[in-house]
Amino acid sequence: MCNLYSITTNQAAIIGLFRVMNRYVGNLPPMTGVFPDYPAPVVRNIETGTELTMMRRGMPPPPRAGNFPVTNIRNTSSPHWRVWLKPENRCLVPANSFAEYAPEPNPETKKKDVVWFALNEERPLFAFAGIWTEFKGDRGTKSKPIPGPHLVYGFLTTSPNAIVEPIHEKAMPVILTTDEERDVWMRGPWDEAKALQRPLPDDALKIVMRGADKEDKVAA
């Protein structure tokens with residue numbers, strides 16, 4: 001379950017690669033660690049094209065699933081998620097790397113390593129296949145709730161490839177790396193878009209950092 005990623009590419013590069021028409025993010029500093037409920041940049045469809053805007057990470061949970069926002073979506077056949085799978089609720093979540101905890105503690109530190117994955121050592125920009133909605137409730141902490149409405153997002157996961165599986169055997173995020181994939185995800189019918197919910201090829205991903213750091217500062 002991917003609960004941590006980085007987005008450190010500058011705003012101009014995001015706008016260029018993802019063909020953004022409008023932007024509403026203000027200054028966008030490098031985000032070396034995006035955790036659940038953090039605000040982060042997201043590209044969504046609008047009537048005139050696409051826009052880059054800030055959303056809080058975590059979708060409303062299914063009934064009887066507790067009150068915690070859901071960051072990773074796997075079961076796209078669920079009626080709860082199906083309502084947000086049409087193009088108007090799909091989005092691209094820009095990222096440079098993502099992390100999973102190692103399954104076993106490090107013998108030296110006695111803690112589980114944070115293992116960072118990227119397309120290569122240079123951490124080129126890619127996108128998670130995301131969905132978004134408007135949430136009218138409070139977000140933030142119980143002691144400091146932030147009243148809604150909030151724009152919120154999550155992204156799809158799938159079975160892990162051979163690079164991720166030794167670290168996290170259950171899932172990896174759905175990653176889009178080409179213009180064609182991003183276009184199908186943002187505009188295509190679900191019959192086409194759902195085919196993108198598959199692992200990234202093994203040779204397209206690598207471990208770029210491992211240790212205690214919960215921020216990918218190298219990417220910045």
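The values are calculated or read from the model by the stated rules, or taken from the named source; none is laboratory data. Remember, predicted model here, so these are calculated numbers, not experimental data. Glycine gets a Cβ as well: all are built from the backbone with ideal geometry, and neighbour counts include every protein chain shown. Side chains included, ligands, DNA and RNA excluded: accessible areas come from the protein's heavy atoms. Shrake-Rupley method; radii C 1.70, N 1.55, O 1.52, S 1.80 Å.
For the range 26-81, a residue qualifies if it is closer than 30 Å to Ala220 by Cα, open to solvent by less than 20 Å² (accessible area, probe 1.4 Å) and not in a strand (DSSP E or B), and the qualifying residues are Gly58, Thr71.
Scanning the range 1-25 for residues that are loosely packed, with under 15 Cβ neighbours inside 10 Å, in a helix (DSSP H, G or I) and free of Cβ contacts under 8 Å to residues at least 60 places away in the same chain yields a count of 2. When every residue of the range 146-155 is checked against the conditions, at least one turns out to be open to solvent by 70 Å² or more (accessible area, probe 1.4 Å), at pLDDT below 95, out of contact with any Pro (no Cβ under 7 Å at 6 or more places or on another chain) and not in a strand (DSSP E or B). Looking only at the range 185-195, residues that are out of contact with any Ser or Thr (no Cβ under 9 Å at 6 or more places or on another chain) and either among the small types (Gly, Ala, Ser) or surrounded by 14 or more Cβ atoms within 10 Å (Cβ to Cβ) (or both) come to 4 in all. Given (1) out of contact with any helix residue (DSSP H, G or I) (no Cβ under 9 Å at 6 or more places or on another chain); (2) in a strand (DSSP E or B), identify the lone condition not met by Gly130. Here Gly130 meets the rest and fails (1). Suppose we keep only residues that are basic (Lys, Arg) and closer than 23 Å to Gly148 by Cβ within the range 83-135. Which one would you say is surrounded by the fewest Cβ atoms within 10 Å (Cβ to Cβ)? The extreme case among them is Lys86.
The single condition among (1) of a type outside the set (A, V, I, L, M, F, W, C); (2) touching a strand residue (DSSP E or B) at 6+ places or on another chain (Cβ under 9 Å); (3) on the phi > 0 side of the Ramachandran plot that Asn45 does not meet is (3). Can you say whether Thr177 is closer than 20 Å to Pro60 by Cβ, β-branched (Val, Ile, Thr) and open to solvent by 10 Å² or more (accessible area, probe 1.4 Å), as far as the supplied structure shows? So Thr177 fails the test.
Of everything in the range 203-220 that is within 17 Å of Ala102 (Cα to Cα) and not hydrophobic (A, V, I, L, M, F, W, C), the residue that is most open to solvent (accessible area, probe 1.4 Å) is Arg210.
Residue-wise test of (1) of a type in the set (A, V, I, L, M, F, W, C); (2) without any contact (Cβ under 8 Å) to a residue 40 or more places away in the chain.
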| residue | (1), (2) |
| --- | --- |
| Ala99 | yes, no |
| Thr109 | no, no |
| Val114 | yes, no |
| Ile163 | yes, no |
| Asp179 | no, yes |
| Asp183 | no, yes |
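Any chance the range 174-193 includes a residue that's within 12 Å of Glu100 (Cα to Cα) and in a strand (DSSP E or B)? Looking through the range 174-193, none of the residues is within 12 Å of Glu100 (Cα to Cα) and in a strand (DSSP E or B).
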